[in-house]
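See below for the structure under consideration.
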Amino acid sequence: MNDTSTEIRTVVVERDVAFPPEKIWRALTQPHLIQEWLMKNDFKPVVDHSFKLTAEWGSVDCQVLEVEANKTLSYTWNAHGLESVVTWILTPRGAGTHLRMEQSGFRRDQEQAYQGAKYGWQRFFANLETVLVGQG
């Protein structure tokens, strides 16, 4: 009775980062920093704020769902038929932070989007860590 066509999948990327949550939060919520590691944007860390991420290949329509400073950030991520939710969770760990990103909402028939996200978020995480190092 299990209909796999309605099965929803999630991409999860987790890293321990050698920076405090406050510094990572700035990189996740300040538009000029988001542009450095992700895409151009008009983001504001305000619940219900609609924003757009733009790149050479197109854009992503987003809306902020949850903001808990230095702890949790969640927003919709809708592009090319994919309707998903991206959630960032920051957990202090020693002198650094455990950073977890989940993108949920991939249907079984969205294999290309799912695989693309798995690859893309690894690259975005690497870019994010470069931005964090660059902030001093």
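Taking other residues whose beta carbon is less than 15 angstrom from the beta carbon of V17, and scoring Lys, Arg as +1 and Asp, Glu as -1, yields +2. Shown is the FRET efficiency for S50 and I8, computed with R0 = 25 Å from the Cβ-Cβ distance and rounded to the nearest 0.05: 0.60.
Taking the C-alpha atoms only, the angle from helix 111-134 to the longest principal axis of the chain is near 0 degrees.
Just report the Cα centroid separation between the range 23-49 and the range 55-123, whole Å. Cα centres, the range 23-49 to the range 55-123: 13 Å. Between Q115 and E66, the simple spin-label model (points 7 angstrom out along Cα→Cβ) gives 3.1 nm. Other residues with beta-carbon under 10 Å from the beta-carbon of I89 carry, at +1 per Lys or Arg and -1 per Asp or Glu, a net charge of -1. Residues H80, H32, H98, ranked from the fewest to the most other C-beta atoms within 10 Å, line up as H32, H80, H98.
Summing Lys, Arg as +1 and Asp, Glu as -1, what charge do residues with Cβ under 10 Å from the Cβ of F106 carry, F106 excluded? Local charge sum for F106: 0. Sorted largest first, the principal axis extents computed over the alpha-carbon atoms of the range 9-134 equal 41, 25, 25 Å. Using just its DSSP H runs of length 4 or more, each adding -39500 (n - 2.57), the chain gives a mean residue ellipticity at 222 nm of -9500 deg cm²/dmol after division by all residues.
Bear in mind these aren't lab numbers, they're just calculated from the coordinates by the rules spelled out. Only a predicted model underlies this, so the values are computations on that prediction, with no experimental measurement involved. Cβ: placed from backbone, ideal geometry, glycine included. Neighbour counts: every protein chain shown.
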